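**Student:** One structure coming up, written as structure tokens, with questions to follow.
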Amino acid sequence: MRRLLEYLRPYWRQVAIALVTIVVGGIASLMQPYLIKVAIDRFIAARRMAGLDSLAALYLAVLVVSFAAEYVQTWTMQLTGQRIMFDLRMAIYRHLQRLDLRYYDRHPVGRLMTRVTSDVDVLNDLFTAGVVTVFGDVFTLVGIMAMMLWMNWRLALVAFSVLPIIFLVTQWFRRNVRDSYRVVRGWIARINAFLQENITGMSTVQLFRREALNFARFDEIDRKHRDANIESIFYYAVFYPAIEAVATLASALIIWYGGGGVMSRTLTLGALVAFLQYSQRFFRPISDMSEKFNVLQAAMASSERIFKLLDEPVAIESPALPARRPAPAQGHIVFDGVWFTYNEGSDETWVLKGISFDVRPGERVGIDGATGSGKTTLINLLLRFYDVKRGRITIDGVDIRRLDLADVRGLFSLVLQDVHLFSGTIADNIRLGHPAIDDERVRRAAGAVHAEPFIERLPDGYASAVAERGSTLSVGQKQLLSFARALAFDPRVLILDEATSSVDTETELIIRDALRVLMAGRTTIAIAHRLSTIQDMDKILVLHKGQLRESGTHQELLA
């Protein structure tokens with residue numbers, strides 16, 4: 001809870017305004033039943049009209065003050081809540097961008113989306129209707145109790161005799177709703193993860209006729225989510241009528257005892273009416289506080305998950321004092337006895353075993369090997385998506401772990417077999433928001449890799465919108481855009497991961513022509529499943545089960 005309240009600190013002025021308006025509104029609310037008592041006892045019962053109009057005007061003024069205070073308090077806290085949610089979402093997203101790929105290997109995207117959206121929305125309820133307004137409820141309760149005891153302590157004790165029942169009902173509600181809500185939030189996260197995974201892979205689902213199986217799995221998850229919600233609804237269905245029943249019992253006791261007092265002239269009629277109004281107002285904040293306790297429990301459950309994410313250590317980051325590599329960058333890459341495993345603590349799952357090789361500046365190196373031999377892992381280590389377990393990787397003689405992370409990755413452009421495009425325009429997907437890449441540079445890059453002809457055929461050319469993941473573009477078109485992107489960033493080292501394996505022969509010829517331009521003067525590392533696709537490379541490395549088995553030119557390997 002202390003960490004949540006830290007997010008309130010920058011907005012202490014708004015919180016102070018809300019607290020002041022709560023006190024003002026609470027005082028105005030406490031005055032209303034008492035003014036009715038005065039009206040009945042001094043004017044209505046005495047049949048005096050003189051002064052009643054002034055009292056009515058005062059009552060109206062109190063109502064206006066109460067309305068104004070509630071308006072200011074609600075507006076201030078809602079505004080503050082939205083600002084806090086903005087800060088929290090930005091903190092989560094900032095941290096997500098710093099986490100290494102190992103974290104994303106372990107956590108479904110759907111659950112992470114739940115943290116940024118649903119869980120943060122739950123905390124919004126805490127800040128807008130929880131933390132500060134609980135103070136208002138407590139202030140109202142204490143004020144009502146003080147007024148009732150001041151007016152007639154005997155009648156007040158009669159009204160308070162139902163409080164033990166309220167306490168027991170509230171404790172039962174709080175205990176059960178807390179556990180129920182945790183279960184509900186857990187199933188919401190599972191639903192989001194399931195939907196994200198299966199909607200993204202809908203083509204595979206339909207191709208392999210998994211609709212019925214997936215429907216059955218979703219039915220099971222959704223059914224458990226429904227049952228958890230029904231259980232929480234049951235507790236609400238019992239609690240609120242129980243509070244109303246106890247409030248009615250308190251009113252009945254006030255009428256019974258207070259009515260006797262009125263008839264025996266030990267209590268005025270105005271005091272009895274005021275007591276009834278105070279009694280009704282007394283149980284409202286009790287009910288509200290129980291609901292706010294539920295909000296608090298929901299917020300605590302959500303905050304546990306959010307802060308667990310925010311506390312996730314950043315395994316890969318820049319050193320406090322980064323080393324300097326020679327400038328300008330040469331692109332000299334050395335793998336020196338590199339070992340790596342995705343699973344910690346087991347020597348039987350090494351993906352790479354003692355890999356050593358040297359890539360000279362401007363050299364073109366191909367990496368060949370069967371699926372699972374460790375080719376892509378080499379690239380992930382070079383880009384420092386993961387860190388080596390043993391050995392080291394150097395660029396221009398400096399261990400990449402000693403270099404600034406942005407500096408390391410800024411040396412490379414990566415072209416993958418499965419191109420990832422973002423929502424935006426064609427030009428946006430080439431420059432990726434980089435301020436140094438202007439429209440002219442975008443056009444030159446697209447022209448060099450022969451992407452410009454198909455771009456100009458689009459309705460709006462470079463300003464044409466790209467659908468989610470580039471679904472309206474062909475595989476070849478997406479691949480050409482990825483080449484244009486790589487060229488626009490003008491990397492020192494170019495990495496190609498099966499870059500031409502998913503395109504037709506005609507497009508592959510176009511891309512091969514573009515590659516000659518792209519690779520000129522750059523260190524290039526190309527991954528391939530087939531030796532024939534990298535036969536023109538200066539050197540070819542052959543991986544087998546995580547080990548470097550052979551290296552040499554294409555002719556040397558065939559000999």
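The values are calculated or read from the model by the stated rules, or taken from the named source; none is laboratory data. On a predicted model such as this, the values are computed, not experimentally measured, just so you know. Ideal geometry is used to build each Cβ from the backbone, glycine not excepted, and the neighbour counts take in all protein chains shown.
**Student:** Residues that are among the aromatic types (Phe, Trp, Tyr) and without any contact (Cβ under 8 Å) to a residue 40 or more places away in the chain: which helices (runs of 4 or more DSSP H) entirely in the range 149-235 hold 1 or more of them?
**Tutor:** 153-160, 163-200
**Student:** Which of the residues spanning the range 295-315 are over 14 Å from the mean Cα position of the chain (by Cα), surrounded by fewer than 16 Cβ atoms within 10 Å (Cβ to Cβ) and among the hydrophobic types (A, V, I, L, M, F, W, C)?
**Tutor:** If the condition is that a residue be over 14 Å from the mean Cα position of the chain (by Cα), surrounded by fewer than 16 Cβ atoms within 10 Å (Cβ to Cβ) and among the hydrophobic types (A, V, I, L, M, F, W, C), then VAL314, ALA315 are the ones that fit.
Rundown of residues vs (1) touching a Ser or Thr at 6+ places or on another chain (Cβ under 9 Å); (2) outside any helix (DSSP H, G or I); (3) farther than 19 Å from PHE135 by Cβ, yes/no style:
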{"position": "VAL20", "(1), (2), (3)": "no, no, no"}
{"position": "GLY25", "(1), (2), (3)": "yes, no, no"}
{"position": "ALA28", "(1), (2), (3)": "yes, no, no"}
{"position": "GLN32", "(1), (2), (3)": "yes, no, yes"}
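**Student:** Looking at the range 88-111, I want the residues that are assigned by TED's automatic domain parsing to the domain that holds ILE306 and closer than 22 Å to GLY201 by Cβ and have a partner that is assigned to a loop (DSSP other than H, G, I, E, B) and of a type in the set (Gly, Ala, Ser) with Cβ atoms under 9 Å, at least 6 apart or on another chain. Which pairs are those?
**Tutor:** TYR103/ALA315
Let's see how each residue does on (1) at pLDDT below 85; (2) farther than 25 Å from VAL517 by Cβ; (3) in the same structural domain as SER464 (by TED's automatic domain parsing); (4) hydroxyl-bearing (Ser, Thr, Tyr):
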{"position": "PRO328", "(1), (2), (3), (4)": "yes, no, no, no"}
{"position": "TRP339", "(1), (2), (3), (4)": "no, yes, yes, no"}
{"position": "GLY366", "(1), (2), (3), (4)": "no, no, yes, no"}
{"position": "LEU381", "(1), (2), (3), (4)": "no, yes, yes, no"}
{"position": "PHE385", "(1), (2), (3), (4)": "no, yes, yes, no"}
{"position": "ILE393", "(1), (2), (3), (4)": "no, yes, yes, no"}
{"position": "ARG401", "(1), (2), (3), (4)": "no, yes, yes, no"}
{"position": "GLN417", "(1), (2), (3), (4)": "yes, no, yes, no"}
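**Student:** Would you mind stating whether SER290 is among the hydroxyl-bearing types (Ser, Thr, Tyr) and either modelled with pLDDT of 85 or more or outside any helix (DSSP H, G or I) (or both)?
**Tutor:** So SER290 fails the test.
**Student:** Taking the range 529-559 as the search range and keeping residues that are over 16 Å from VAL338 (Cα atoms), among the small types (Gly, Ala, Ser) and at pLDDT 80 or above, which one is surrounded by the fewest Cβ atoms within 10 Å (Cβ to Cβ)?
**Tutor:** GLY552
**Student:** Inspect the range 40-49 for any residue being farther than 19 Å from GLN277 by Cα, of a type in the set (A, V, I, L, M), without any contact (Cβ under 8 Å) to a residue 40 or more places away in the chain and touching a helix residue (DSSP H, G or I) at 6+ places or on another chain (Cβ under 8 Å) and give the result as yes or no.
**Tutor:** yes
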